[in-house]
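Peer 1: Take this structure, written in structure tokens, and hold onto it; I'll ask about it next.
Nothing in this text is a laboratory measurement; each read-out follows from the coordinates by a stated rule. All of these numbers come straight from a predicted model, not from anything done at the bench. Backbone-built Cβ (ideal geometry, glycine too); neighbour counts: all protein chains shown.
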């Protein structure tokens, strides 16, 4: 027993934990620990402070179901393929019953690391989805210089001659429809080697009605009428060519940004997959929710079957659920065949009579009892739409009230669902929102000027070069990708860091840019080169980065709270400072005089940038602070983070100037416009919001990201705003 | 700790879950909550296959409820709601077993049945399962940050319950170093668990 030393102080034990104790003292403490039960317990207590972690981890190797457990097949049955996450020392092999891996072996090698592969003249960027028929890819047509969607027939189906022939025939027929409410099919091609057929079609920027209903359901009446009207027109055009869709459902109705134009997709293709499955197994897979009775009973579909399906979709938009629901496909099919749907007015009393009646007629069991053609349905909608437009534009003031009430309610009601329903219920169906496209909040209908996607993971930082020609994005997989903005194509992909790239920033002149990574390195790059021109080493992961405007000094902040100032021509830091907790953001004032840091300890710190001596702290946030931005004259710094609030501080006296709740979740990105008049924020809710920096008034909300936004940046003249985040895409928005 | 005292869980994730095609959200969700539901069912006495079925059943209900908006944020946390669903299904399962004549007559099962309807009952186990799941995910994430010896010292003592002196022998470091290693990993795990929870509850 080496218990000669006295018990170390709590502070020493803390340092022992974080490894910051000097070598000699550390050894002493370790030796002491060996014989002192009291200190063993104290150390563990400090390490797990306020939690029951010691108890929780005990026997944790049994926490994941065993490899032979029925849990894993059950999980597969739910459609979940978990990535391999072996628990330490007890790897859990997955059972054999996994879903078949997505095989993209029909693709040729990619022309750039940013792409997944190549198919004919197409650079394939990513997989958009996977359906019963095959896989859907997003690709860039190098010959025609445009983005397209490609549907590739499932190789299993392609092995079947009939399916193959039918796929080509249906696709060619679909290509013959030219209508603004039908997704354009450009051509049908076959891949060179194995003759696998694929369909090249228009890439629709936007979402499907299925996704839309996922956010908001039921929809406002006006929106239902607009969607119904346009879908009916699309069907009319197809039916005029003798083409039956056979699978009208929310997933096949696209809502194209920016004007929310409705486009029908996948004409005739459902049949290709079903025929094969029917002959193979006797069953049709997929959802029967919108299927017409004659289809449900195995009969032949005609144009009136499409009308029934559209009726079922309209019903769901009004009621918030499809007309027939059940626990199994069989139960639904039986209802479709035998039962009358529940009257719409019982589920949603504000649906106008004419609409409810129209839907009833579309849902007639006998095809002969339905509205006879899509043309007649379209005409009916046109008429009602014209009526609605005139009546609602008569009452603009009420509309504004309605809009406002909805906004407030949305803040109160979880998930913003059902809010419209309530507000509409209060105000009457007539006084609906002014704009048919506004989902719920004060939303800008603007579509992004560019969507730069195809990144393999979360985008943690985005930066414009001074000329606004190149956008650099820091990606979770360690890559930094430089995009050429005018052509929306990848210029270069740099394998920049091991682990996440947390930050990237261009120099004032655009000659170089800096990146920081989870590997503790800060690197400088010339845009033209694949190798770093300079590397600075930090002891721990670097989260925040700020390049002085004179391009002489770089500041970095790490997860361990280390703040360093590096002259760009030196190998060692000139100045070092330390703050408690992790640093998440570093920003520098326009005059290069003041540095701001923020992180896990909720306090924003201002530092003299020349000496790294601390000025006053800015306290008030109730959780970690994720992001910071100085305004144009450096008099203000804006901050936001976990507590959802946006706060503006006076950098002269440390006073809080303004604060408001910005998003429904964590805020991850904040940026002052270059002229200091506007403030952009991006959050966990996937929304980009633009605020008046002076009044805190919400100017616009840009929707498009499906997942959390982690970074925002304005270009030099403030006309463009880039947002990036968890969905792996960067969207560039035009700012007025 | 009650299951309802933390801020609500990830409404944003739930919204994404409603979009059935969002496999990322669904996978993330299942990665955390699948084992929690399964583990809880096991802790209530269900056999492996029954617990797996129940997990599947609960998750289908979750998806269904997303479609019907059964879940109201103001009613409590998502975790609490999921607990209610799970607890009810476990109760139903055990009740069904009770009325079957060939069902288990043993007193443990009966006691369990008696105690099921109590609203507070099981919430501690539920919370523990959740904490264990978070800790397990955190371990996966932080393991790579430590030297092999440090990790093994932690694993042997904190997880497997091996005495420090024995672990020291197996790993080849001093017992004092074993204690420090164990606490260092615990401290890092605590940080990571808190990070996951913040993410979860945002």
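Peer 1: Would you kindly state how much longer the chain becomes between residue A:259 and residue A:540 on full extension, computed as 0.36 nm times their sequence separation minus their alpha carbon distance, in nm to one decimal?
Peer 2: 96.5 nm
Peer 1: Residues in the stretch A:706-736, backbone N under 16 Å from the label point at residue A:128 (7 Å along the Cα-to-beta-carbon vector): list them, ranges by number please.
Peer 2: Zone members listed by number: A:706, A:729.
Peer 1: Follow-up question, since we're still on this one. Can you put A:168, A:39, A:318 in order of Cβ neighbours within 10 angstrom, beginning with the fewest?
Peer 2: On the way: A:168 17, A:39 21, A:318 25.
Neighbour counts put them in this order, fewest first: A:168, A:39, A:318.
Peer 1: Something else about it: Quick check on the exposure proxy: order A:308, B:91, A:714 from fewest to most C-beta atoms within 10 angstrom. Kindly include the intermediate steps, with their values, before the conclusion.
Peer 2: Numbers: A:308 27, B:91 18, A:714 21.
Ordered by Cβ neighbours within 10 Å, fewest first: B:91, A:714, A:308.
Peer 1: So for the pair residue A:695, residue A:717, with labels modelled 7 Å out along Cα→Cβ, what separation do we get in nm?
Peer 2: In this crude spin-label approximation the distance works out to 2.7 nm.
Peer 1: Determine the shielding of peptide A:15-27 by partner chains: average, over its residues, the number of Cβ atoms on other chains within 10 angstrom of each Cβ.
Peer 2: Other-chain Cβ atoms within 10 Å of each residue's Cβ, averaged: 2.
Peer 1: Any number yet on Rg/Rh for the stretch A:450-734, C-alpha, Kirkwood? It would help to have the intermediate numbers written out before the result.
Peer 2: Details: Rg = 16.9 Å, Rh = 18.2 Å.
Ratio of gyration radius to Kirkwood radius: 0.93.
Peer 1: I want to check the label-to-label distance for residue A:52 and residue A:379. Put each point 7 Å from Cα in the C-beta direction and report it in nm to one decimal.
Peer 2: Here the modelled spin labels are 7.1 nm apart.
Peer 1: For residue A:20 and residue A:334, compute 0.36 nm times the residue count separating them, minus their Cα-Cα distance, and round to one decimal in nm.
Peer 2: Numbers: separation 314, 0.36 × 314 = 113.04 nm, distance 7.02 nm.
Contour length minus the Cα-Cα distance gives 106.0 nm.
Peer 1: Efficiency by 1/(1 + (r/R0)^6): what FRET value for residue B:166 and residue A:45, r their Cβ-Cβ distance, R0 = 30 Å, to the nearest 0.05?
Peer 2: Plugging the Cβ-Cβ distance into 1/(1 + (r/R0)^6) gives 0.85.
Peer 1: May I pose another question? Which FRET efficiency value, to the nearest 0.05, do you get for residue A:111 and residue A:302 by plugging their Cβ-Cβ distance into 1/(1 + (r/R0)^6) with R0 = 51 Å?
Peer 2: 0.65
Peer 1: While we're here: On the principal axes of its Cα set, how long, how wide and how thick is the stretch A:678-736? Give whole Å, largest value first.
Peer 2: Principal-axis extents of the Cα atoms in the stretch A:678-736, largest first: 31, 22, 14 Å.
Peer 1: Which FRET efficiency, nearest 0.05, do residue A:616 and residue B:147 yield, Cβ-Cβ r, R0 60 Å?
Peer 2: For R0 = 60 Å, the calculated efficiency reads 0.90.
Peer 1: Which value in nm describes the separation of the simple spin-label points at residue A:498 and residue A:552, placed 7 Å from the Cα toward the beta carbon?
Peer 2: 3.5 nm
Peer 1: Using the count of nearby Cβ atoms within 10 Å as a rough guide to exposure, how do A:201, A:297 rank from fewest to most? If you can, show how the numbers build up before the last one.
Peer 2: Values: A:201 22, A:297 11.
Ranked by crowding around the Cβ, least crowded first: A:297, A:201.
Peer 1: Between residue A:121 and residue A:653, what is 0.36 nm times their sequence separation minus the Cα-Cα distance? Round to one decimal in nm.
Peer 2: Full-extension gain reported as 185.5 nm.
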